[in-house]
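So the structure is just underneath, and the comments pick up after that.
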Amino acid sequence: MNILVCISNVPDTTSKINFVENDSKFDTNGIQFVINPNDEFGLTKAVWLKDSNNATVTVLTVGEQSAEATLRKCLAIGADKAIRIDCPANDAYSVAKEIESHCKQIQYDLIICGRESIDYNGGLVPGLIAGLLDYNFVTNCVNLEIEGSKATFSREMSGGTEISECQLPLVVGSQKGLVEESDLIIPNMRGIMMARQKPLDVIQSQGINAKTHDIKFNKPDAKSEVKIIKADELDKLIDLLENEAKVI
Amino acid sequence: MSVLVYTESENNKFKKSSFEALSYGKALADKMEVKVFAVVINCSDTESLNAYGPDKILKIESQDLDEFSSKKYAHAIADVMKSENANIVVLSSTPDSKYLGAHLSGLTDSSFVSNVVELPESINPFTVKRTCFTNKAFSLTELISETKIISITSNSFGVIENSNDPQAENIDIKSIDSNQKILNIEKESGSVTIADAEIVVSAGRGLKGPENWGMIETLAETLGAATACSKPVSDMGWRPHSEHVGQTGKPVSSNLYIAIGISGAIQHLAGINSSKVKVVINNDPEAPFFKAADYGVVGDAFEVVPSLIEKLKAR
Ligand SMILES: Cc1cc2nc3c(=O)[nH]c(=O)nc-3n(C[C@H](O)[C@H](O)[C@H](O)COP(=O)(O)OP(=O)(O)OC[C@H]3O[C@@H](n4cnc5c(N)ncnc54)[C@H](O)[C@@H]3O)c2cc1C
Ligand SMILES: Nc1ncnc2c1ncn2[C@@H]1O[C@H](COP(=O)(O)O)[C@@H](O)[C@H]1O
């Protein structure tokens, strides 16, 4: 079985977000980049499937050379090979198109993405890939079993969980629950050494035009000062929520 | 040219988020001087939509769509986009709508922007404001393609009445094959979900253990709210994963967010920043959450919460 895990290279969750060039670009200065947390759950699941289903795991990112450190980390976690499609990740559509084009050359049974990236937060790429390839698709996926060419999976939905099955190929949007937080594989020294020997191929981009364009960023307005209410004056809190904020 | 709004329903009832999406679609259509159509899948009683101003209601009735399937629903809406010559589709941001939206944009080669919080700033070029970096920032984003899909953040635009007297029209769609089928749905009974909730009551490690969640549930019930929790609380199995909110959990965009015994770490705040009003109950006056809150109570949750419940019930 051939598994592709799509990796988005995102600012660490503690990053302070700033913009440069007249607020048109994200300021990467001093930012630590990491594997998108939702993708990490998917990658760990893929590595498990290596053993149980004799799978080969390829990790792929669409991005510039600076993303290679993140791909190396994925190799250290247990992926077999890495691919970088060499272009800036301009928008979800162009990223998905690049991935689609690669998936037309190499057939994958399972394409695992994160539910959403924590930077641009579109939650678009996995659905786009599924739509472009017209593959089966599940997002917010919290359980996945593969048996031969059949997949059984669950997704979190409004107020419950839905369990489904389908034939492969399948595109998955992964999140916590697919594996637990405590299951996440942390690369050890051996993994890191082995990762150096594993292939990291850079392939040319198709030069796809983006369909959306971020013109300008801004940060939320500074908050007004918090109103502190004494613990023995909760009537006042209820009054404020009712008559000032008008939310209850 | 027209604006299509997919009005999602469940058990033959429209979701509140659908009324919001339709209100948005109506305002957008007015701004563009075009018509707005509501697309309805397997929901017979469409009258409740009239209050939000659709010019026409397009009803799809199909056994094939009895169960939700992102592929089949995306194909159905793509068919309607074609037949109605619609160039903009408005979706809410429920899990199902977001699920099918991305699929739909792949199928129809459309520009898709999610987490939209306002009407377009300009129509030509078509630019919308959306949240990004998990609510740490906004982006003004241009949608370049001829056809466009936007999904709006819940409670960002509001439900706006704008009564109309639309025709309802049945439309046929091509059925499509899919080998994806639902085996089972496990519903949590009766509870309000975080995505649909106007009020969310959330608690953290300050509650000490799962046995203390009774008062949180009672407070939520009293307010008609959904319950939520911080990440460590779900990691330790005190509460289900589906309640984990924050940057790596669910986003919350409720009107009121009450945080009890949560410190206010950056990753937690990122996920709840787009909630309108925030109340913090914490016994440490230095807890970072107070800086992000509108109202704060410095006190012991085990005293404040029961007293708050009592006072709310006595109202
Ligand atoms: C990659 C990454 C992603 C993360 N993503 C998320 C995320 O999505 N969501 C999230 O929530 N966290 C996330 N975190 C974790 C985050 O950094 C914090 O550790 C977490 O939010 C803390 O949870 P807490 O506030 O419940 O617990 P604590 O930090 O332990 O805070 C407990 C609070 O309760 C108060 N308290 C104690 N006793 C009482 C009492 N009797 N009455 C009232 N108050 C009391 C304390 O003063 C304290 O402020 C992430 C971390 C990382 C590294
Ligand atoms: N530049 C990229 N390269 C590879 N995969 C990506 C890229 N951007 C997003 N993805 C994948 O798509 C998922 C959702 O991303 P997004 O649509 O940006 O929220 C991520 O979790 C990744 O799995």
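The values are calculated or read from the model by the stated rules, or taken from the named source; none is laboratory data. Treat the numbers as computed from the prediction; the structure is a model and nothing was measured. No Cβ is skipped: glycine too gets one built from the backbone with ideal geometry, and neighbour counts run over all protein chains shown. These area figures cover heavy atoms from the full protein model, side chains too; ligands, DNA and RNA do not enter into them. Shrake-Rupley method; radii C 1.70, N 1.55, O 1.52, S 1.80 Å.
Looking only at strands (runs of 3 or more DSSP E) that fall completely inside the range A:1-46, which ones have 2 or more residues that are open to solvent by less than 20 Å² (accessible area, probe 1.4 Å) and among the aliphatic types (A, V, I, L, M)? Fully inside the range A:1-46 and qualifying: A:2-6.
Among the residues making up the range B:229-245, those that are touching a strand residue (DSSP E or B) at 6+ places or on another chain (Cβ under 9 Å) and within 8 Å of ligand 1 (Cβ to nearest atom) are B:Cys229, B:Ser230, B:Lys231, B:Val233, B:His244, B:Val245. Looking only at residues of the range B:206-249 that are over 19 Å from B:Asn283 (Cα atoms) and among the hydroxyl-bearing types (Ser, Thr, Tyr), we find that the one that is farthest from the other protein chains (Cβ to nearest Cβ) is B:Thr218. Residues in the range B:74-90: is at least one within 16 Å of ligand 2 (Cβ to nearest atom) and of a type in the set (Lys, Arg)? No; the residues of the range B:74-90 include none that is within 16 Å of ligand 2 (Cβ to nearest atom) and of a type in the set (Lys, Arg). Those helices (runs of 4 or more DSSP H) of the range B:224-315 in which at least 2 residues are within 23 Å of the chain's Cα centre (by Cα), considering only elements entirely within it, cover B:231-235, B:266-272. Taken over the range B:17-55, residues that are open to solvent by 30 Å² or more (accessible area, probe 1.4 Å) and assigned to a strand (DSSP E or B) amount to 1.
Restricted to the range A:165-217, and to residues there that are assigned to a strand (DSSP E or B), within 19 Å of A:Asp80 (Cβ to Cβ) and open to solvent by 40 Å² or more (accessible area, probe 1.4 Å), the residue that is nearest to the other protein chains (Cβ to nearest Cβ) is A:Ile203.
Applying the set (1) within 16 Å of ligand 1 (Cβ to nearest atom); (2) at pLDDT 95 or above; (3) assigned to a strand (DSSP E or B) to A:Glu156 leaves exactly one unmet item: (2).
Residue-wise test of (1) acidic (Asp, Glu); (2) at the interface with chain A (Cβ under 7 Å from one of its Cβ atoms); (3) farther than 19 Å from B:Lys26 by Cβ.
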| position | (1), (2), (3) |
| --- | --- |
| B:Phe112 | no, yes, yes |
| B:Phe133 | no, yes, yes |
| B:Phe138 | no, yes, yes |
| B:Ile149 | no, no, no |
| B:Phe157 | no, no, no |
| B:Asp165 | yes, no, no |
| B:Ala168 | no, no, no |
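Can you tell me which of (1) open to solvent by less than 30 Å² (accessible area, probe 1.4 Å); (2) more than 10 Å from every other protein chain (Cβ to nearest Cβ); (3) out of contact with any strand residue (DSSP E or B) (no Cβ under 6 Å at 6 or more places or on another chain) is the one A:Ala222 doesn't meet? Failing condition for A:Ala222: (1). Does the range A:41-53 include one or more residues that are within 16 Å of ligand 1 (Cβ to nearest atom) and either within 14 Å of chain B (Cβ to nearest Cβ) or of a type in the set (Phe, Trp, Tyr) (or both)? There is at least one residue in the range A:41-53 that is within 16 Å of ligand 1 (Cβ to nearest atom) and either within 14 Å of chain B (Cβ to nearest Cβ) or of a type in the set (Phe, Trp, Tyr) (or both).
Among the candidates A:Ser24, A:Ser15, the residue that is within 14 Å of chain B (Cβ to nearest Cβ), of a type in the set (S, T, N, Q) and free of Cβ contacts under 8 Å to residues at least 24 places away in the same chain is uniquely A:Ser15. Selection within the range A:104-130: residues that are surrounded by 21 or more Cβ atoms within 10 Å (Cβ to Cβ) and in a helix (DSSP H, G or I). The member of this set that is nearest to ligand 2 (Cβ to nearest atom) is A:Val125. The one condition from (1) facing another protein chain (nearest Cβ under 7 Å); (2) within 30 Å of B:Leu140 (Cβ to Cβ); (3) part of a strand (DSSP E or B); (4) not hydroxyl-bearing (Ser, Thr, Tyr) that A:Glu162 does not meet is (2). Residues considered: A:Glu64, A:Glu68. Of these, the only one that is farther than 17 Å from A:Val142 by Cα, within 16 Å of ligand 2 (Cβ to nearest atom) and open to solvent by 50 Å² or more (accessible area, probe 1.4 Å) is A:Glu64. Of the numbered conditions (1) among the hydrophobic types (A, V, I, L, M, F, W, C); (2) closer than 19 Å to A:Ile77 by Cα; (3) more than 16 Å from ligand 1 (Cβ to nearest atom), A:Phe19 satisfies every one except a single condition; which is it? Against the list (1) among the hydrophobic types (A, V, I, L, M, F, W, C); (2) closer than 19 Å to A:Ile77 by Cα; (3) more than 16 Å from ligand 1 (Cβ to nearest atom), A:Phe19 comes up short only on (2).
Within the range B:266-277, track down each residue that is open to solvent by 10 Å² or more (accessible area, probe 1.4 Å) and either of a type in the set (Ser, Thr, Tyr) or in contact with a helix residue (DSSP H, G or I) (Cβ under 8 Å, 6 or more places away or on another chain) (or both).
Once the filter is applied, which keeps residues that are open to solvent by 10 Å² or more (accessible area, probe 1.4 Å) and either of a type in the set (Ser, Thr, Tyr) or in contact with a helix residue (DSSP H, G or I) (Cβ under 8 Å, 6 or more places away or on another chain) (or both), the range B:266-277 yields B:Gln267, B:His268, B:Leu269, B:Asn273, B:Ser274, B:Val277.
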